[in-house]
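What follows draws every value from the coordinates through simple rules; no lab data is involved. Only a predicted model underlies this, so the values are computations on that prediction, with no experimental measurement involved. Note that each Cβ is placed from the backbone with ideal geometry, even for glycine, and that neighbours are counted across all protein chains shown.
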Amino acid sequence: MKNKLYYQFFSSCCLLVCFFLGYVVRFHEGWLRSFDDILTNAIRFSYPNGHGFFMWITKFANPLSIVLLVAACALLLLKGKRYIESLWLVSNLAIVSGVFNPLLKLVFQRNRPTLEHLVVEHSYSFPSGHAAASMIFYGTLIVLLGIFISNQKVRLASQILLGLLILLIGCSRVYLGVHFPSDIIGGYLVGLTWLTFTYPFFDQLRFTWRFKGKQA
C-alpha cells in the first residue's frame, strides 16, 4: 500500500498527542481548566432542554449497545464471506475498548467532573471509553462503507452521518456531566491511533485474500 507510511505517521502523531494530553491531565490538570470549562459550558448551557436527546445519543456507544452492534455487523460480514473485514471490525473493538483504553484510564487516573452526573459511571475519566468506542466502531464502518457502497452520494452521506454521530456521542458525555471535553479528545485520539495504524495492514490483507480467492 503506497500510502502506508502516511497512515502510520498520522497514527504516531495521534498517539503522541494523546500521551501528551494524558501527561497534562496527570500532572498539570490546571492547564486544561479554562479549555474544559469553556467547552463544557458551551455544550451544557447552549442546549438546556437537550437531556432526552443526549441520553438517547449516548446509548449508541454504551458497552452493551456496542457489543450488540458489532456482533450484528460481524455476522452480516461473515454471511457475505467478508472474513477479513469481520475480523478487523471485531479485533478493533476488542483491543481498543477491551484492553487499551481501560489500561490508559488506570495509568492517568483522572477523576470525573464534579458536575451533577446524569448517568452513573464508576471508572476513571480519561480517556473517554464512549469516545474511543464510537471512534473505533463507527470509524471502522466509515472505512468499510467506502469499500462496499459504490454510489458516491450515498456513500458520502452515510459517512457524514456516522461522523456526526461520533461527534454527538462525545458531546453527550460532556452534557451528561461524566466527562471533560479533554477526555473526549483523548478517547477520539485513542480510536484514531489504532484505526489509522491498522488500516494499511487490513487493506493489504484484504487485497491478498481477494487475490487468492480469484486464483483458486
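Roughly what angle does helix 33-46 make with the longest principal axis of the chain, taking Cα atoms, 0 to 90 degrees, to the nearest 10? Value to nearest ten degrees: 80. Evaluated with a Cβ-only charge set (Lys, Arg +1; Asp, Glu -1), segment 24-111 carries a dipole of roughly 240 debye about its Cα centre, given to the nearest 20. Considering only 20, 193, 62, the residue lying farthest towards the positive end of the dipole of the chain is 193, judged by Cα position with unit charges set on Cβ. You can think of it this way: the chain between residue 95 and residue 208 has 38.3 nm of extra reach, that is 0.36 nm per residue less the Cα-Cα gap. Given a cut-off of 29 Å, name the pairs among 59/105; 4/153; 79/105 whose C-alpha atoms lie farther apart than that in the structure shown. Beyond 29 Å: 79/105. Of all the options 178, 120, 143, the one that moves most in a Gaussian network model of the chain with Cα springs shorter than 10 angstrom is 120. For the chain, the Cβ-based charge dipole about the Cα centre amounts to some 980 debye (Lys, Arg positive; Asp, Glu negative; other atoms uncharged).
Each listed q (0.11, 0.14, 0.20 Å⁻¹) maps to a log10 I(q)/I(0) for segment 105-214, found by the Debye formula over equal Cα scatterers with no solvent: -0.45, -0.65, -1.00. This model, with +1 at the C-beta of Lys and Arg and -1 at the C-beta of Asp and Glu, gives segment 1-59 a dipole about its Cα centre of some 300 debye.
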